[in-house]
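Taken together, the values in this text are just the output of simple stated rules run on the coordinates, not laboratory data. As the structure is a prediction and not an experimental result, all values here were calculated from the model. Note that we place each Cβ from the backbone using ideal geometry, even for glycine, and neighbour counts take in every protein chain shown.
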Amino acid sequence: MKTVYTCFSTDVIHEGHLNIINHAKEYGRVIVGCLSDREMMRCTKFPTTTEEERMNLYRGIDGVDDVILQDDMLYNDVIELLHPDYIIHGDNWKTGAEASIRSHVEKLLNSYGGQIIDIPYTYNESVRKIDLQLKEKLSMPEYRRKRLRQLIEMTPVVKVMEAHSGLTGLIVEKTVVEGENGKLDQFDAMWISSLCDSTAKGKPDIELVDMTSRFRTIEDITEVTTKPIIFDGDTGGLTEHFVYTVRTLERLGVSAVIIEDKTGLKKNSLFGTEVEQTQDSIENFSAKIAAGKKAQLTDDFMIIARIESLILERGMEDALSRARAFVSAGADGIMIHSRKKDPAEIIEFCDKFRAEDKTTPIVVVPSSFNSITESELASHGVNIVIYANQLTRSAFPAMQKTAEDILKYHRAKEVDDRLMPIKEIITLIDEI
Ligand code: SPV
Ligand code: MG
């Protein structure tokens, strides 16, 4: 009897999946692979059920003979194990990001005479409805909120990109690339940067854009995306105000707020000691963290303490003693910041902190120390890497140059070849 294999990465079975199984049955014994959580969130969607729940779901489908776990989106593990005669898939993987997976699978199968069966992808009203339900489930506050904690558990390093509008949110949501290893990759979460949120409004990054406006930015983003959000809470403001901010962020489905141990008129950290900045006392800032933790209603939400000692040149010991104190006050994570090009002081902090604290998540923002890779940072105990401002910094020069050139040439023809075609811009946004 021949073996037919298909890989599912879905939390809900619809007509399309049943169609695949019905076709598969005609070719032999049907084995369904359940794509592991780790791989599913890299190449399709974040799972809303556990691997075990999904495996049980697939086992219950009529015509399925066996279900196994597939822990490699490129199918290397299952092909080596099963040498299936056929791999069956909807023909939607012939285009888009998954096309590279298909051609990899085809090569593997060719090496021993296996074959791909592409069947027409089923897309009708009921499939569309289920897709929407899944999307809704992923984007609802209660699901989105807890996802950062899940990601910290599930992935070696959580990759976060800044977003400051619906459009930049969509870029973080949808950008998928094929990495050097042939696997697909995407960002895990979004950072709502005070710098970029302020800059988009033409305002300085000094806590001038008020919380109501910052919450509006969050809502613009949550309306069109599903990925979890880390909010840049600046200093958190007065403790009496911060507790309300925590409640609102939780309600909006934000996963974490990062507050920095500065006080008074905060300026962006990348100014370092070129501008006057006051660091908050350990006592005050610990009290702010403790009040925030006490105010929060869910167990999912995280309050992450950001330490400015290295930025303000107060030394490593100061940074470490603050980290200890803030964790004792209830902080769910520590963000250590630096504006040096060399990552040495960040690495030293991470190594020393990890030597005494094995579990509290460490967050870094490698804007200045940008030569170090995510995996190098992870090897020093970093859990979350935030790319805090790169979308804004790449968009600005492009827009400025276009404006200058139109002024220069008194027409738009000269800039046309660097513009997104009109056809693409009008179809960029999905209609509901
Ligand atoms: C931000 O993105 O607003 C930050 C990070 O706070 S930094 O600009 O590096 O201070
Ligand atoms: Mg900021």
The ³J(HN,Hα) series, computed from each phi in region 373-387 with the Karplus coefficients 6.51, -1.76 and 1.60 at θ = phi - 60°, rounded to the nearest Hz and given as x for glycine or proline, is 8, 4, 6, 5, 4, 4, 5, 9, x, 6, 9, 10, 10, 10, 8
Among chymotrypsin sites (Phe, Trp or Tyr not before Pro) in region 109-162, those in a DSSP loop whose Cβ has at most 16 other Cβ atoms within 10 Å are Tyr112, Tyr121, Tyr123
Along region 32-38, Karplus-curve 3J(HN,Hα) (6.51, -1.76, 1.60; θ = phi - 60°) to the nearest Hz, with x for Gly and Pro, reads 9, x, 9, 5, 5, 3, 4
When the chain is treated as a Gaussian network with springs between alpha carbons less than 10 Å apart, the largest mean-square fluctuation among Thr175, Thr360, Thr155 is found at Thr175
Tilt, helix 316-328 to longest principal axis of the chain (alpha-carbon atoms), in degrees rounded to tens, equals 70
Spelling it out for Val158: with amide H atoms placed in the peptide plane at 1.01 Å from N, the residues 5 or more places away or on another chain with amide H under 5 Å from its amide H are Ile384, Val385
Only helices counted: for the chain, with every DSSP H run of 4 or more residues adding -39500 (n - 2.57) and the sum spread over all residues, [θ] at 222 nm is -13000 deg cm²/dmol
Out of Pro156, Ser139, Ile258 - ranked by how far each Cα lies towards the positive end of the dipole of region 120-272, with unit charges on the beta-carbon of charged residues - the top one is Ser139
Tilt, helix 15-25 to longest principal axis of the chain (alpha-carbon atoms), in degrees rounded to tens, equals 40
In this structure, among Lys262/Lys340; Lys137/Lys174; Lys94/Lys423; Lys45/Lys294; Lys201/Lys401, pairs with alpha-carbon gaps over 25 Å are Lys45/Lys294
Going residue by residue through region 239-244, the Karplus relation 6.51 cos²θ - 1.76 cosθ + 1.60 with θ = phi - 60° gives ³J(HN,Hα) values, rounded to whole Hz and with x marking Gly or Pro, of 4, 4, 8, 4, 4, 6
Env charge @ Thr3, Cβ radius under 13 Å, K,R +1 / D,E -1, value 0
Connecting every pair of Cα atoms under 10 Å apart in the chain and solving the GNM, the largest mean-square fluctuation among Arg306, Arg418, Arg29 falls on Arg418
The answer for Gly33, listing residues at least 5 apart or on another chain whose modeled amide H is closer than 5 Å to its amide H, is Thr6, Cys7, Phe8, Ile68
Protection proxy (average C-beta count within 10 Å per residue), highest first, orders 58-69, 4-15 as 4-15, 58-69
With DSSP loop assignment and no more than 13 other C-beta atoms within 10 Å, the GluC sites (Glu not before Pro) in region 87-190 are Glu180
Taking every DSSP bridge whose two residues both lie in the chain, the antiparallel percent to the nearest 5 is 10
The answer for GluC sites (Glu not before Pro) in region 368-432 that fall in a DSSP coil and have at most 13 neighbouring Cβ atoms within 10 Å is Glu431
Projecting the Cα atoms of Thr48, Cys7, Val327 onto the charge dipole of the chain, where Lys and Arg contribute +1 and Asp and Glu -1 at Cβ, the residue farthest towards the positive end is Val327
